[in-house]
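First comes the structure, then the notes that go with it.
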Amino acid sequence: MKTLTDPKPSTQHIMTTKFTLIVAMILLPLFMSAQNLVTNSSFNNGGTGWTNSCSVEVNPENVYGGSSTTNNVTEIDMERCLDQNICIMPGVTYVFTFKATRRIDASTPNNPGISVKVRGVTSHTNYVNSTKSYNNTTFSWTTETYSFTVPANSSDKQVNIHIADNNGNSSYGVIVDDINMHPQSSLAISGNTAPLVNNTYNYSVSNSPSSGITYNWSFGSGATPATSTAATPSAKWTTTGDKSLSVTISNTTCQVATLTTSVLVTGALPVTFTSFTGIIKDNKAALTWVTVNEMNNSHFVVERSLNGRNYDSIGRVQAGNNTSNTYAFNENNTNATSYYRVKQVDINGNFVYSSVIILKNGGLNNEVTVYPTQATSTINYVLSSEAPAAVTVQVYNITGQPVISQQASLQQGLNVRSVNISGLVAGTYVLRIQLPASGVNLAKQFSKL
């Protein structure tokens, strides 16, 4: 197996000009995990949130032929429907999904159906107008997915979800669960998550429309200003520690969403870095960094990641006695690609992170390609092998937990294999391939849509 490698540090890894240690996750968008705008979308609170224009029936799914005694669902028939208004932002594209199945009962018609509408509360425009029917003979969920965009100049600040029976099934019909409506591109607070005390930083909301929206920011204790209504406010903190940062987003009629995160305000940086370089060759990694103007520096912690998100501590380097020092760190590394950063800790326990360097392993004979990098059901990986080999293929979620694990056999030459990811929730994942015989680990990131 062969891979394209460069045994010399890339110029992008060498910092020839003096720079200050970059704090952790600078300018990282902080996405809300789900942003589902539907109240009581899974019916865990009975019919709460669904308006009185419909009579809502909620029971555990085993009442309707399912297996779970704890998962609440609702039935849609001639006597029961669903109705709820949702606050939205004109000019934004939304995704609307739900799960549905035919009720498994001898009295249920063979092909019960529902009408599905998402309609503007003011304009009465139908953004979604669909009918669905279900003829399954066993209790099995089908996920329905729609997308729609309310025009930027629309008078609609709310849309109405309405799901009703469409073929007169008086008491046996369609079972519905997990109703979700969310922006296609998640809203996010963008800005520095580890600011320095008495320094000013800018914040904003990613993926929000350019007009028709108001903002109410709160920056927590020790902040100047404490609050702001600007779309892109500036703030600084006069005290260190964890601070709560939030923004409430509204249109002229209702509150759309509230985003909340925390930032860690630290003191002035005790070191200045003039370079941070690294190389991996023959399965050995060597890192070097040079500092000047060291003050109150205690030590450095070297951290490594396979995906650029989840880092592990791999070693500690004690601070030098001089104001200018050169540091080195070495380790064995069989990974194809590694992300390294240095955590600097001062004598008071405050810490900040360096920028990240990405190193390719010059001692590996493998490289894996994954396509498509954004997929809904299946990803493919391409791997060349000089001889038959057995590999372990795993998929990890963003928290570093394995969610798929399987074995694969490679033939000599070019291999194309697939992994079924249809059961994963939407998000970012890492495909990791382990070759036990050589101890090599290969990793590639992809997104489940």
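The values are calculated or read from the model by the stated rules, or taken from the named source; none is laboratory data. Computed from a predicted structure; not experimentally measured. In this analysis, Cβ positions are derived from the backbone assuming ideal geometry, glycine residues included, and neighbour counts consider all displayed protein chains.
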- Hey, does the stretch 69-84 have a residue that's surrounded by 18 or more Cβ atoms within 10 Å (Cβ to Cβ), under 24 Å from Gln184 (Cβ atoms), modelled with pLDDT of 95 or more and not hydrophobic (A, V, I, L, M, F, W, C)? yes
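Go through Gly241, Gly222 for me and flag whichever is at pLDDT below 90 and of a type outside the set (Lys, Arg). Full working, then the answer.
Details: Gly222 fails: at pLDDT below 90.
Only one candidate qualifies: Gly241.
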Flagged pairs (Cβ under 7 angstrom, 6 or more apart or on separate chains; first in the stretch 242-256, outside the structural domain of Val159 (by TED's automatic domain parsing) and more than 13 Å from Asn216 (Cβ to Cβ); second among the β-branched types (Val, Ile, Thr) and surrounded by fewer than 18 Cβ atoms within 10 Å (Cβ to Cβ)) are Ser244/Thr260
**OP:** Within the stretch 125-134, identify whether any single residue is in contact with a helix residue (DSSP H, G or I) (Cβ under 9 Å, 6 or more places away or on another chain), part of a loop (DSSP other than H, G, I, E, B) and touching a residue at least 24 places away in the same chain (Cβ under 8 Å), and answer yes or no.
**Re:** no
Restricting the stretch 232-251 to residues that are among the hydrophobic types (A, V, I, L, M, F, W, C) and farther than 26 Å from Leu37 by Cα, the one farthest from the chain's Cα centre (by Cα) turns out to be Trp237
Picked from the stretch 165-179 (must be surrounded by fewer than 18 Cβ atoms within 10 Å (Cβ to Cβ) and either within 22 Å of Tyr146 (Cβ to Cβ) or among the aliphatic types (A, V, I, L, M) (or both)), the residue farthest from the chain's Cα centre (by Cα) is Asn167
Considering residues that are among the polar types (S, T, N, Q) and at pLDDT below 90, the number found within the stretch 393-417 is 7
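Collect the residues in the stretch 180-209 that are among the hydrophobic types (A, V, I, L, M, F, W, C), in a strand (DSSP E or B) and under 20 Å from the mean Cα position of the chain (by Cα), keeping them in residue-number order. I'd like the intermediate steps shown before the answer.
From the stretch 180-209, those among the hydrophobic types (A, V, I, L, M, F, W, C) are 181, 187-189, 194, 196-197, 205; that's our starting set.
Restricting the remaining residues to those that are in a strand (DSSP E or B) gives 181, 188-189, 196, 205.
Once the filter is applied, which keeps residues that are among the hydrophobic types (A, V, I, L, M, F, W, C), in a strand (DSSP E or B) and under 20 Å from the mean Cα position of the chain (by Cα), the stretch 180-209 yields Met181, Ala188, Ile189, Val205.
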Query raised in the report: Does the stretch 94-109 include one or more residues that are at pLDDT below 95, in a loop (DSSP other than H, G, I, E, B) and touching an Asp or Glu at 6+ places or on another chain (Cβ under 9 Å)?
Result: yes
Just one listed residue, out of Ala286, Ala235, Ala226, is buried (at least 19 other Cβ atoms within 10 Å of the Cβ) and over 26 Å from Lys157 (Cβ atoms), and it is Ala235
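What number of residues within the stretch 330-348 are closer than 27 Å to Val368 by Cβ and not acidic (Asp, Glu)? Steps first, please.
Taking the stretch 330-348 and keeping what is closer than 27 Å to Val368 by Cβ, we get 330-341.
This time we only want the ones that are not acidic (Asp, Glu), so: 330, 332-341.
The number of residues fulfilling the criteria is 11.
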With criteria (1) within 30 Å of Thr258 (Cα to Cα); (2) surrounded by 15 or more Cβ atoms within 10 Å (Cβ to Cβ); (3) of a type outside the set (Lys, Arg), Pro151 comes up short on (2)
